[in-house]
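The values are calculated or read from the model by the stated rules, or taken from the named source; none is laboratory data. Here the structure is a predicted model, which is why all the values come from computation and not from measurement. Glycine also receives a Cβ, built like all others from the backbone with ideal geometry; neighbour counts cover every protein chain displayed. What goes into the accessible areas is simple: the full protein's heavy atoms, side chains included, and nothing from ligands, DNA or RNA. Shrake-Rupley method; radii C 1.70, N 1.55, O 1.52, S 1.80 Å.
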Amino acid sequence: MMLLFKPSSTLGRRLKPRPYQSFSESLLMDSIEAAETLTRKWISPDLSSSSSCSLSSIFSTENRVEGRRFIEVINSLQYAIQGVVLVNPESPKLTRAHNLVTIAMKQLEKEFYRILKSNRRNLDPESISVRSSPSFNARNKVSIYSQVPKSEEADVMTDLKMISDCMISSGYENECIKIYKKIRGSIMVEALSNLGFENLSFGKIQKLDWDSMEKNIKKWLEATKVLIANLFEGERILCDHVFSPSVSVAESCFTEITLDSALTLFIFPVSVARCKKTVEKIFLTLDIYQMISQLMPQIEEIFSYDSTSAVRLQAADSLKNLGEEINSMVAEFEASITKESSKSPIPGGGVHQLTRYVMNFIVFLADYNDCLAGVLTESTLPLPEDYFGNNDEDNKDGETGSSSSSTVTTRIAWLILVLLCKIDTKSRMYNDMALSYLFLANNLHYVISKVRTSNLRVVLGEEWVSNHEGKVTQYLEKYEKIAWGEVITSLSDSNKEMLEENVAKERLKRFNEAFEEAFQKQSEWVVPDSKLREDLKDSVTKKLTTVATSFYEKYHVENWEEVRFAPEDLGNYLSDLFLGTGRSCIIVPSLKSSDSGRSLKDSESGR
C-alpha cells in the first residue's frame, strides 16, 4: 500500500505538556510582580542585589499613601508565600519571593527608625498622654489613634503600627523591638534628665542638710507628677498601640523602657522616710505621701503587667514607710508639747509662744485632712465625753463621717487638748488669779480663732467651736469677778433704805481706791485680740457704770468732794486697758471740772 503523504516530523514528536500552575502559585506570582514594581520604584531599581538603597522615604508626608500600599503588598506577598509552601514547598518562585521580603524588611527597619527618630516631638510620652483620653485603661489597651482627630500625630501612630505588624508577622520581631527600645529608651532618659530629678543613694540622702533635702523633695514632687501622669502613661499608651497584636511584645518594650526609672522614683521616698527629721518636716513628708496616694490608681493601671509588679510593690512600700514615719512624727510632736519646759510666765497674760507654735502647726496639719485619714493609726484617746458638745452623740451614731475621718478629728482634738492642759499648767505661774484667768482666756481665744479661720473648723466642727467659746466666756467671767469684784461691790446697794451720808461717802472713797488699785494692777495686762479686748472693756465698763450711776443718782453726789469719777466717763478711763502700756490712772480732782472726763491719754498729754 502506497502512503499518500509523509508524516510531519513535528506531528510525530510528542508534545511537551505545559507546566501546571496552581492557584496559590498564580496568586504568589501576582504578588511578586506587584511587590517588584513598588520595590523598583521606592527602594532599588536593581533587584538582583539583596541590599536596598532607598531612593526616597516611603512614609514621608507626601508619600504616605504609597507607603501604606507597600505594606499591603508585602502582607499579600507573605500570605501568598504561606499558601505556596503548603502545596509546593519546592517551588522556585519562593526564593524570588523571599528575596523580595528580605529587601522589604530592611527598608521597613529604616522607615521604623526614621519615623521614631524624626517624630520625637510628636511621639513625646507627655504629649501622647495629654492627647489621650482621661479614661485610659491599660488593661484594655486603648488606641490613641481612636481618641484623637485625624492629624500628623495620628498618621505617625498608624504608620508605626502598620510597620511593626508587618515586621513581626514576617519574623522580624527582634529587629523591630530593638529599634523601638533604643529610640524610646533614649527619649525617656532625656525626659528624666530635663525634669532635674537626681538619683541619690540612701547614704547620700542621709548626709544632705535640710535645705538640700527640701530641694530634692520638691524636685521629686514635680518630677513624679509629670512622670506618672504624663510620661509613663504616655509610653504605656504608645507601646500598647504600636504593638497591639502582641501583648507580650508591648509588655517587653514598656518594661525595658520604664522599669528602672520607675523603681528609682519610688525608692527615693523610702530613703526620705528613713532619714531622721524634726517634726516641722512632716509637711513635706505628707506632700510625698499625698502625691503617691493620689497617683496610686494610675500607677496600678500603667504598671499592670506582671513584669512591672515591682513598681506597684515599691510604690505601696513607699506609702507604708511614709505612713509609719508620719505617725511617728505626730507622736513626737505631741511629746514635744508635753515636754515644753519654759518657766517664766508671759508678761501681761498674753498668748504663749507655745500656743502660737502648736496652733500654727495644727492648722497646717488640718490642710492634709484627707491625706491623714489614710495615714493616722487608730488609737484610744481619753477625750472628755462632752469634748465635742452635741456632736459627740453624732459621732457615736456614725452620722458625721467615716472612721478614718473620725480618727483625724480625734487626733487633732487630742493635740489641742494636750496644748490646753499645758497652758492650764502654765496659768498657775501667775500669782494673781485674775491674771491667770485672763491668760487662759487669751490663749483659748487664740486657739478658737485659728480653728474658726482654717480647715480646722471643718475637721473639728461647729459644736467644738461653740463649746470652747463658752469656756472663754467662763474664764472672762471669772476674771471680771476677781479683778473688778471689789470695785463693783463697793457701790452695790441692794438695800432700798438710804445710808447715812458719811457711810455713803466712805463707800465712795472705797470705790475710788478700789478702782485706782484695780486699774494700776492691770495696767500692764494685755488682750492681744482687738475684738476680744473691746468686748471685755465694754463688759467691765457696763458693770461699773451701772453700779456707779445707781449710787450717784440715789445719793445725789454731784457736790461731794469725794467724787473722782463720773459714771459716763469710766469708759474713757478704761480706754488704755489691756494694751500693756503700764500707765497710771490719772484722776481729775473734781466732777465740776470741765475736763473731768478726760481719758488717761488726754491727762498725760497735758502734763
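Rounded, prolate or oblate: which one fits the range 55-116, using the alpha carbon gyration tensor with axes a ≥ b ≥ c (rounded when a/c is under 1.5, else prolate when a/b beats b/c, else oblate)? Present the calculation step by step, with values, prior to reporting the outcome.
Working: a/c = 3.23, a/b = 2.39, b/c = 1.35.
The shape class here is prolate.
Among residues other than Gln294 whose Cβ falls under 10 Å from its Cβ, what is the net charge (Lys/Arg +1, Asp/Glu -1)? Could you put the intermediate results ahead of the total?
Details: positive: Lys225; negative: Asp370.
Residues close to Gln294 contribute a combined charge of 0.
Among 251-260, 114-123, 27-36, how do they line up from the highest to the lowest mean number of other beta-carbon atoms within 10 Å? Write out the running numbers ahead of the final one.
Details: 251-260: 20.5, 114-123: 16.5, 27-36: 18.6.
Ranking, from highest mean packing down: 251-260, 27-36, 114-123.
If I take R0 = 35 Å and measure r between the Cβ atoms of Leu417 and Arg510 in this structure, what FRET efficiency does the formula 1/(1 + (r/R0)^6) give, to the nearest 0.05?
Details: r = 43 Å, r/R0 = 1.22.
Here the calculated transfer efficiency is 0.25.
Can you work out the FRET efficiency for the pair Asp538 and Met296, with r the C-beta to C-beta distance and R0 = 51 Å, to the nearest 0.05?
Numbers: r = 55 Å, r/R0 = 1.08.
So, using R0 = 51 Å, E works out to roughly 0.40.
What figure in square angstrom, to the nearest 10, would you give for the accessible area of Phe202 with a 1.4 Å probe?
Its accessible surface works out to 50 Å², give or take rounding.
Pop out the ³J(HN,Hα) list for the range 180-195 in order, Karplus 6.51 cos²θ - 1.76 cosθ + 1.60 with θ = phi - 60°, rounded to Hz; leave Gly and Pro as x.
Result, ordered by residue: 4, 4, 5, 5, 5, x, 5, 5, 5, 4, 5, 5, 4, 5, 5, 6 Hz.
Mind grabbing the accessible area of Tyr368 for me, 1.4 Å probe, Å², rounded to tens?
30 Å²
Add +1 for every Lys or Arg and -1 for every Asp or Glu among the other residues with Cβ under 15 Å from the Cβ of Phe23, and state the total. Intermediate results must be reported in sequence, preceding the final value.
Working: positive: Lys93; negative: Glu25, Asp30.
Taking every Cβ under 15 Å from that of Phe23, the sum is -1.
Which length gain, in nm to one decimal place, applies between Glu562 and Val65 when the Cα-Cα distance is subtracted from 0.36 nm times their residue separation?
On the way: separation 497, 0.36 × 497 = 178.92 nm, distance 11.26 nm.
Residue separation times 0.36 nm, minus the Cα-Cα distance, leaves 167.7 nm.
Can you give me the relative contact order of the range 180-324 as a percent, contacts being Cα pairs under 8 Å and 6 or more apart? Walk me through the numbers on the way to the answer.
On the way: 110 pairs, mean separation 43.4, N = 145.
That works out to 30 percent.
For the range 410-562, what's the relative contact order in percent, using C-alpha pairs closer than 8 Å and at least 6 residues apart?
24 percent
Enumerate the calculated ³J(HN,Hα) couplings along the range 159-168 in order (Karplus 6.51 cos²θ - 1.76 cosθ + 1.60, θ = phi - 60°), each rounded to whole Hz, writing x wherever the residue is Gly or Pro.
4, 4, 5, 4, 5, 5, 4, 5, 5, 5
Between Thr95 and Asn360, take the C-beta separation as r, use R0 = 60 Å, and let me know the FRET efficiency to the nearest 0.05.
Numbers: r = 83 Å, r/R0 = 1.39.
Once the sixth-power term is evaluated, E becomes 0.10.
Output the relative contact order of the range 250-319, whole-number percent, from Cα pairs under 8 angstrom with separation of 6+ residues. The partial results should precede the final answer.
Details: 33 pairs, mean separation 36.2, N = 70.
This gives 52 percent for the range 250-319.
On full extension of the chain, what length is gained from Ser26 through Ser341, given 0.36 nm per residue of separation minus the C-alpha to C-alpha distance? Mind dumping the intermediate values first?
Values: separation 315, 0.36 × 315 = 113.40 nm, distance 9.91 nm.
Stretched fully, the Ser26-Ser341 segment lengthens by 103.5 nm.
Starting from 0.36 nm per residue, how many nanometres of slack lie between Lys320 and Lys521 once their C-alpha separation is accounted for? Numbers along the way, then the final one.
Details: separation 201, 0.36 × 201 = 72.36 nm, distance 5.66 nm.
Working it through step by step, the gained length comes to 66.7 nm.
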